[in-house]
Amino acid sequence: MNIQNFYQGKIFNAYEYFGAHLSDEGTIFRTFAPDASKISVTGDFSGWKEISMNKISDGNFYEAVVPEALEGMRYKYRIYDKNGSFTDHCDPYGFGMELRPGTCSVIRRTDAYRFNDNEWMSTRTDCTSKPMNIYEIHPGSWKRDIDDPEKWLNYTQLAELLIPYVKESGYNFIEIMPLNEHPCDESWGYQSTGFFAPTSRYGTPAQLMAFVDKCHQNGIGVILDFIPVHFAVDDYGLTKYDGTCLYEYPNNDVGYNEWGSRNFMHSRGEVRSFLQSAADYWLTVFHFDGLRMDAVRNLIYWNGDEKRGENKCAIDFLKTMNTGLKARHPSAILMAEDSSAYSEVTSPVSKGGLGFDYKWDLGWMHDTLDFFRSSPIFRSGIYHKLTFSMLYFHKERYIMPLSHDEVVHGKASIAQKMNGQYNEKFPQARALYMYMMAHPGKKLNFMGNEFAQLREWDEKRQQDWDMLKYPVHDSFYRYICALNRIYLEYEALHLDYEPDNFIWADCNSPTKCIYAFIRKSKTGDILTVLNLSDWYQPDYSLKTGSISEIKLLLDSDSELYSGRTPDGKTSFRYDDGLLTMDIPPYTGFMFLIT
């Protein structure tokens, strides 16, 4: 490793140097701790007695070769500060960790699995002009062991169950909430202590590699949540690693954030090299197809507060990291979970942007859910909450997310958010998802939403799969499957960022609360019509111009999906450029026009 480049924040493969590496001579341990007075490595291999590490290079790096250290053994670094006090730390670059509440690093190989996904890796793209329908999961609460509900599925079991389900349901990507090691289940992985260690909750790194490989062999991309903003405060982790604030800010005003964790100091080259290398590690070693960067707003602005101004060093870090990752992995997907209005997030760095491929459209999400929460008697007054997104959509490449954050901590599940009594929630949720899938932008849906789970997500238990025994939930799932298949099949729904792909057919009917829009392509157009009022509207007419053929693809009110319209009896007629239809309340139609 080039030491000067490491200090300057230019390194993307520091994990090849640091950490615990198995060799013919034994395991080589290396760590960076410039303000330590001395460091020892302890572990299973020494009966937890100290083995002194030697200073190397410029004296800020420490190394030890231990012949007795074998794969699977636990270890820690005992780091002495300038005053002679010590703290036992896990390895910042460790490739494995023991299951919580244990806090030791574990010696793991990074070449323990041989991938068989060459065809996938050589042909994958960033999906700009292709469908990207993402199923977001938390592995520990998607499903649990059938014989022991308290037991998590391991990566092998997850592959056996999840991959067929994802394919059947019409998703072509999985997004996994953070898999880096973390001490607290309730943090969902966002409070990390092991940025290079796949959590041991679900098995070994080799099992995770096999999971990703099997997804690829089944035509499914895999995106991983990545946290470049902050880390857990636990003293065995990165906090005051060498007795000083090596990774974090020494000033508590910017050192801690709203989640109570420590902020990375992105002005330090060593920290940049650490984070860039962690990002590259997941893409290179595990073949993940992309990273969803968490809390990007908190990188753009100091602690996410626009009033405190831009964090220029963190912005520069983002640009450098994204540029370097795209140079190494041109087809990998980089997406920003960013709630700010900062411009050019998805523009190339060479053109003044941050260099992400996509940005979550959290404004669309908030406006849409606010609309569907509201009583129909008020919807005329907030009609344009559902048209506003198209005023800014061209500025970025967006993903439309209904994620884990929207179904937890008192927010209610997506289906439960719908206004009205129990029987009114399902038709509205069906209409919401038709609006979402027809709207420009790639799609993301959190587990459980697809069968209208009514209970909030809880990381301690699996999803309520028994709800599928009830016809209204089973039919809702079949409706989502049908909608997903339409999205995957029709080109007009994929060309999100072409300027002539979207046309409003009716966005000026606030009293009727009807919306109509067209997605265009050379192979056929998709027309979507939505009645989001609570009253039946007969003989609604829409000018379509001259067309050769119109075909109904989906009626959200069909009895197939627990609606009121008998299958095949949807009422619409086309005559001389005028499409006329009868629209029940809370109903959407999707047509193919050729």
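The values are calculated or read from the model by the stated rules, or taken from the named source; none is laboratory data. The structure presented is a predicted model; accordingly, all values stated were derived computationally and were not measured. No Cβ is skipped: glycine too gets one built from the backbone with ideal geometry, and neighbour counts run over all protein chains shown.
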Point to revise | Residue list for region 263-289, restricted to those being in contact (Cβ under 8 Å) with a residue 24 or more places away in the chain, assigned to a loop (DSSP other than H, G, I, E, B) and surrounded by fewer than 23 Cβ atoms within 10 Å (Cβ to Cβ) | key: 267, 268, 286, 287
Review point. What single numbered condition from (1) of a type in the set (S, T, N, Q); (2) surrounded by fewer than 20 Cβ atoms within 10 Å (Cβ to Cβ); (3) not in a strand (DSSP E or B) fails to hold for residue 541?
Key: (3)
**Study point:** Residues located in region 552-564, provided they are surrounded by fewer than 18 Cβ atoms within 10 Å (Cβ to Cβ) and touching a Ser or Thr at 6+ places or on another chain (Cβ under 8 Å)
**Key:** 552, 559, 560
Exercise for review: Only residues in region 20-36 that are in contact (Cβ under 8 Å) with a residue 60 or more places away in the chain and farther than 19 Å from residue 197 by Cβ count as the first member; pair them with residues that are in a loop (DSSP other than H, G, I, E, B) and basic (Lys, Arg), Cβ under 8 angstrom, at least 6 apart or cross-chain, and list the lot.
Suggested key: 35/82
**Study point:** From 96, 72, residue being closer than 26 Å to residue 270 by Cβ and within 35 Å of the chain's Cα centre (by Cα)
**Key:** 96
Check your understanding: Is one or more of the residues making up region 294-304 more than 22 Å from the chain's Cα centre (by Cα), free of Cβ contacts under 8 Å to residues at least 60 places away in the same chain, closer than 12 Å to residue 228 by Cα and buried (at least 17 other Cβ atoms within 10 Å of the Cβ)?
Key -> no
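Name the residue, out of 418, 437, that is surrounded by 23 or more Cβ atoms within 10 Å (Cβ to Cβ), touching a helix residue (DSSP H, G or I) at 6+ places or on another chain (Cβ under 9 Å), touching a residue at least 24 places away in the same chain (Cβ under 8 Å) and farther than 25 Å from residue 291 by Cβ.
Values: 437 fails: farther than 25 Å from residue 291 by Cβ.
Going through 418, 437 in turn, just one is surrounded by 23 or more Cβ atoms within 10 Å (Cβ to Cβ), touching a helix residue (DSSP H, G or I) at 6+ places or on another chain (Cβ under 9 Å), touching a residue at least 24 places away in the same chain (Cβ under 8 Å) and farther than 25 Å from residue 291 by Cβ: 418.
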**Study point:** Residues that are closer than 14 Å to residue 588 by Cα and touching a Pro at 6+ places or on another chain (Cβ under 9 Å), drawn from region 406-427
**Key:** 427
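Only one of 553, 527 is within 17 Å of residue 490 (Cα to Cα), out of contact with any Leu (no Cβ under 7 Å at 6 or more places or on another chain) and not in a loop (DSSP other than H, G, I, E, B). Can you tell me which?
Sole residue among the options that is within 17 Å of residue 490 (Cα to Cα), out of contact with any Leu (no Cβ under 7 Å at 6 or more places or on another chain) and not in a loop (DSSP other than H, G, I, E, B): 527.
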Exercise for review: Restrict the check to region 422-432 and report whether at least one residue is buried (at least 22 other Cβ atoms within 10 Å of the Cβ), of a type outside the set (S, T, N, Q) and in a loop (DSSP other than H, G, I, E, B).
Suggested key: no
Point to revise | Search result, residues across region 556-594 that are assigned to a strand (DSSP E or B), aliphatic (A, V, I, L, M) and at pLDDT 90 or above | key: 579, 581, 583, 590, 592, 593
Practice item. Kindly list the number of the only condition in (1) of a type in the set (Ser, Thr, Tyr); (2) within 20 Å of residue 292 (Cβ to Cβ); (3) surrounded by fewer than 19 Cβ atoms within 10 Å (Cβ to Cβ) that fails for residue 199. Key: (3)
Exercise for review: Take residue 442 and decide whether it is surrounded by 22 or more Cβ atoms within 10 Å (Cβ to Cβ) and under 21 Å from residue 295 (Cα atoms).
Suggested key: yes
Exercise for review: Go through region 150-183 residue by residue and tally those that are in contact with a helix residue (DSSP H, G or I) (Cβ under 6 Å, 6 or more places away or on another chain), polar (S, T, N, Q) and part of a loop (DSSP other than H, G, I, E, B).
Suggested key: 1
Practice item. Go through (1) among the hydrophobic types (A, V, I, L, M, F, W, C); (2) under 30 Å from residue 491 (Cα atoms); (3) touching a His at 6+ places or on another chain (Cβ under 7 Å) and name the single condition residue 132 misses. Key: (3)
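Working carefully through the options 168, 160, find the one that is surrounded by fewer than 16 Cβ atoms within 10 Å (Cβ to Cβ), over 29 Å from residue 21 (Cβ atoms) and in contact (Cβ under 8 Å) with a residue 60 or more places away in the chain.
On the way: 160 fails: in contact (Cβ under 8 Å) with a residue 60 or more places away in the chain.
Every option except 168 fails the conditions.
On the basis of being assigned to a helix (DSSP H, G or I), surrounded by fewer than 20 Cβ atoms within 10 Å (Cβ to Cβ) and at pLDDT 95 or above, does residue 244 make the cut? Before the answer, list the steps.
On the way: assigned to a helix (DSSP H, G or I): no; surrounded by fewer than 20 Cβ atoms within 10 Å (Cβ to Cβ): yes; at pLDDT 95 or above: yes.
No; evaluated as a whole, the condition is false for this residue.
Yes/no matrix, rows are residues, columns are (1) in contact with a helix residue (DSSP H, G or I) (Cβ under 9 Å, 6 or more places away or on another chain); (2) without any contact (Cβ under 8 Å) to a residue 12 or more places away in the chain; (3) more than 17 Å from residue 282 (Cβ to Cβ):
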| residue | (1), (2), (3) |
| --- | --- |
| 199 | yes, no, no |
| 209 | yes, no, no |
| 217 | yes, no, yes |
| 223 | no, no, no |
| 231 | no, no, no |
| 235 | no, no, yes |
| 241 | no, no, yes |
| 244 | no, no, yes |
Exercise for review: Determine which single condition residue 93 fails, assuming it passes every other condition in (1) closer than 25 Å to residue 5 by Cβ; (2) loosely packed, with under 13 Cβ neighbours inside 10 Å.
Suggested key: (2)
**Study point:** Filter result for residue 185 (among the acidic types (Asp, Glu), touching a Gly at 6+ places or on another chain (Cβ under 8 Å) and in contact (Cβ under 8 Å) with a residue 60 or more places away in the chain)
**Key:** yes
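Condition check ((1) farther than 28 Å from residue 396 by Cβ; (2) in contact with a His (Cβ under 6 Å, 6 or more places away or on another chain); (3) of a type in the set (Lys, Arg)) across all residues:
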{"site": "445", "(1), (2), (3)": "no, no, no"}
{"site": "451", "(1), (2), (3)": "yes, yes, no"}
{"site": "465", "(1), (2), (3)": "yes, no, no"}
{"site": "476", "(1), (2), (3)": "yes, no, no"}
{"site": "483", "(1), (2), (3)": "no, no, no"}
Review point. (1) closer than 24 Å to residue 134 by Cα; (2) outside any loop (DSSP other than H, G, I, E, B); (3) more than 28 Å from the chain's Cα centre (by Cα): which one isn't true of residue 521, the others all being true?
Key: (2)
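Do we have any residue at all in region 516-532 that's polar (S, T, N, Q), touching a strand residue (DSSP E or B) at 6+ places or on another chain (Cβ under 8 Å), surrounded by fewer than 17 Cβ atoms within 10 Å (Cβ to Cβ) and modelled with pLDDT under 95?
No, region 516-532 contains no residue that is polar (S, T, N, Q), touching a strand residue (DSSP E or B) at 6+ places or on another chain (Cβ under 8 Å), surrounded by fewer than 17 Cβ atoms within 10 Å (Cβ to Cβ) and modelled with pLDDT under 95.
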Check your understanding: Only one of these conditions is not met by residue 495: (1) in contact with a helix residue (DSSP H, G or I) (Cβ under 8 Å, 6 or more places away or on another chain); (2) outside any helix (DSSP H, G or I); (3) touching a residue at least 40 places away in the same chain (Cβ under 8 Å). Which number is it?
Key -> (1)
